[in-house]
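Down below is the structure, laid out as structure tokens.
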Amino acid sequence: MEEYFLVHDFSNQENITFALFKATPHVKDWWETYYEQKHESEPSLFSAAPTWNFFQDTIKEHYYPVKSYEDKYIKYTMLQQGKDQDVLEFTNIFQTLWTKLGIKDIKRHLVLKYCGCLQKYIQDEMDFLDISSFGTTYRYAIKIEQKFK
């Protein structure tokens, strides 16, 4: 959804509304109850509508147990392409972890992290390329893998 929101430049409230439309009904009900209770217990003339980041953090805190998040984060930080693992399979795992963790690296950092996880022969071939997009990096990795098979 993040990419979709970037393209359409939605407000915080529009992001939250859209996300709740896509969520299961119990998530929507939980959020409405949570948000109403929070504002009733802390009334203020200056209370502002929730931000997208606050909404995401609150949902993660409620629906993703800390231990589960920590395990995924450790797996993400230690991730390396396996010797017999092809680029497509590795990329699916990389993207799934990156998405589930909600990591918001700038594109260049994401590309560097991804390249650093690939097998050494792919890294060596990509050293001379100045790639700034994840999609382009992935396509080059596939081509290099096919070249050496």
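Taking the 0 to 90 degree range and rounding to the nearest ten, how far is the long axis of helix 134-148 tilted relative to the main principal axis of the chain, both from C-alpha atoms?
Result, in degrees: 30.
State, as an integer percentage, the relative contact order of the chain based on alpha-carbon contacts under 8 Å between residues 6 or more apart.
In percent, rounded to a whole number, it is 19.
Mind pulling the angle between the C-alpha long axis of helix 12-22 and the longest principal axis of the chain? Nearest 10 degrees, somewhere in 0 to 90.
That works out to roughly 80 degrees.
What's the extension gain from E2 to K38 if we count 0.36 nm per residue and subtract their Cα-Cα distance?
10.4 nm
Ignoring everything except DSSP H segments at least 4 long, calculate the 222 nm mean residue ellipticity for the chain; use -39,500 (n - 2.57) per segment, divide by total residues, nearest 500.
Working: 9 runs with 108 residues, N = 149.
Taken over the chain, the calculation gives -22500 deg cm²/dmol.
Considering only protein heavy atoms and a probe of 1.4 Å, how much of the accessible area of the stretch 1-145 is carbon and sulfur, as a whole percent?
That share works out to 57 percent.
Against the globular-protein guess of 2.2 N^0.38 Å, express the Cα radius of gyration of the stretch 72-149 as a ratio, rounded to two decimals.
Working: Rg = 11.9 Å, N = 78, 2.2 N^0.38 = 11.5 Å.
Rounded to two decimals, the normalised Rg is 1.03.
So, counting K/R as plus one and D/E as minus one, what does the shell of residues with Cβ under 14 Å around F10 add up to?
Local net charge: -3.
Before I look further, what does the stretch 8-149 give for accessible area per residue, probe 1.4 Å, in whole square angstrom?
Normalised by residue count, the accessible surface of the stretch 8-149 is 69 Å².
The values are calculated or read from the model by the stated rules, or taken from the named source; none is laboratory data. The structure displayed is predicted, hence computed values, not measured ones. All Cβ positions, glycine included, derive from the backbone under ideal geometry; neighbour counts span all protein chains shown. Note: areas computed on protein heavy atoms with side chains; ligands, DNA, RNA excluded. Shrake-Rupley method; radii C 1.70, N 1.55, O 1.52, S 1.80 Å.
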